[in-house]
Each structure stands twice: as structure tokens, then as C-alpha cells.
Amino acid sequence: MFINLSNHPSDSWGEEQKNAAQHWGDIYDIPFPQIDPTITENALGNLLEEYFQKILEYRKQASAAPFIVMIQGEFVFSFRLIVKIKEQGIKVVAAQSRRLVRESLDENRNYVKKSYFQFVGFREY
């Protein structure tokens, strides 16, 4: 089972990333929470516990099957959640990508810069 805790639903991933994730089984998306920058430590702790419990519920469903969690989002929340999950012996990864930049001028001669991300693999935290 592959848990995707990010702002990027797996149905928007390219085939290469989907195939790499499916190495661990079915992909389950958990949308990353919106973290208000003014959130109190207490509220952040409660949110952290809520998402930690969600991960543990999925882990119970996976039983003996392979289980991995990809976490990408707000840094402090992600770091704290990753630490808690790893303490349970659960593997946690981030997607690695190559950033490709294309620069051009539009019809009004304005500079346009577009970034594209090419999936390379998963890296364990």
C-alpha cells in the first residue's frame, strides 16, 4: 500500500511515478491539510495527531502487505509527522524530480518562464 499525503493527487501523476508507487501496491491519496501560518502549537499538535491516526488506520488495513508513506507539504508539519511515523517503523519517502525550465517571450515580448517537473524516483527520509 502506498499512501500519498501531498497536494498532488495520484491521478495527476505521470505514468512513471504511478508505476513506481504501485511497486508497493494500491495508491491511496490523503490530501495534505491547509496549514495556517498563524496556527497555534496546540492546534498544530491536534492536527498532527489526527493525520498520524489516519496513517495508522491505513497501516492496519495493509496488515502484512508492503506499506509506505509519501509526505510532501508544509515543512514543520511534515517533519513532525515523518518523525512520528518513522518511530513506528514505517518507511517514509519524498518524490524526487528534475526541474526543467523553458524560457520564452510571449506575443507582447514579455519574458515567460515555465517549470516542468520530471519524476526521477522516491527517496527515503
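The values are calculated or read from the model by the stated rules, or taken from the named source; none is laboratory data. As the structure is a computational prediction, the values presented were derived from the model and not from experiment. Every residue, glycine as well, gets a Cβ built from its backbone with ideal geometry; the counts of neighbours run over all protein chains shown. The protein model used for the area step is the full one, side chains on, heavy atoms only, and it has no ligands, DNA or RNA in it. Shrake-Rupley method; radii C 1.70, N 1.55, O 1.52, S 1.80 Å.
Placing unit charges on the Cβ atoms of the charged side chains and taking the dipole of the chain about its Cα centre, the candidate lying farthest along the positive direction among V120, I39, A95 is V120. Counted by Cβ distance under 13 Å from I27, the other residues give a net charge of -3, where Lys and Arg count +1 and Asp and Glu count -1. Taking the 1.4 Å solvent-accessible surface of the chain as the whole, the part contributed by carbon and sulfur is 49%. Helical runs (DSSP H, four residues minimum) scored at -39500 (n - 2.57) apiece and divided by the length of the chain put the mean residue ellipticity at 222 nm at -11000 deg cm²/dmol. Taking the C-alpha atoms only, the angle from helix 41-62 to the longest principal axis of the chain is near 80 degrees.
Specify the angular offset, from 0 to 90 degrees and rounded to the nearest 10, of the alpha carbon long axis of helix 75-87 from the longest principal axis of the alpha carbons in the chain. Taking the Cα atoms of the chain, the angle to 75-87 is about 40 degrees. State the Cα centre-to-centre distance between the stretch 56-125 and the stretch 3-19 in whole Å. Centre-to-centre distance over Cα atoms comes out at 9 Å. Taking the three principal axes of the alpha carbon atoms in the chain, the coordinate ranges are 55, 38, 21 Å, sorted in descending order. If the limit is 24 Å between Cα atoms, which of K18/K84; K18/K91; K60/K86; K18/K54; K54/K86 go over it? Over 24 Å Cα-Cα: K18/K84.
Between amide H atoms placed 1.01 Å from N, distances below 5 Å from I30 occur with N4, L5, S6, all of them 5 or more places distant or on a separate chain. The residues of the chain present an accessible area of 65 Å² per residue when probed at 1.4 Å with all protein chains retained. For the stretch 103-116, backbone phi angles converted through the Karplus equation (6.51, -1.76, 1.60; θ = phi - 60°) give residue-by-residue couplings of 10, 7, 10, 7, 5, 9, 6, 8, 6, 10, 10, 10, 10, 10 Hz, Gly and Pro being listed as x. Near the amide H of V93, within less than 5 Å, lie the amide hydrogens of V69, M70, I71, Y125, all on another chain or at least 5 residues away, with H placed in the peptide plane.
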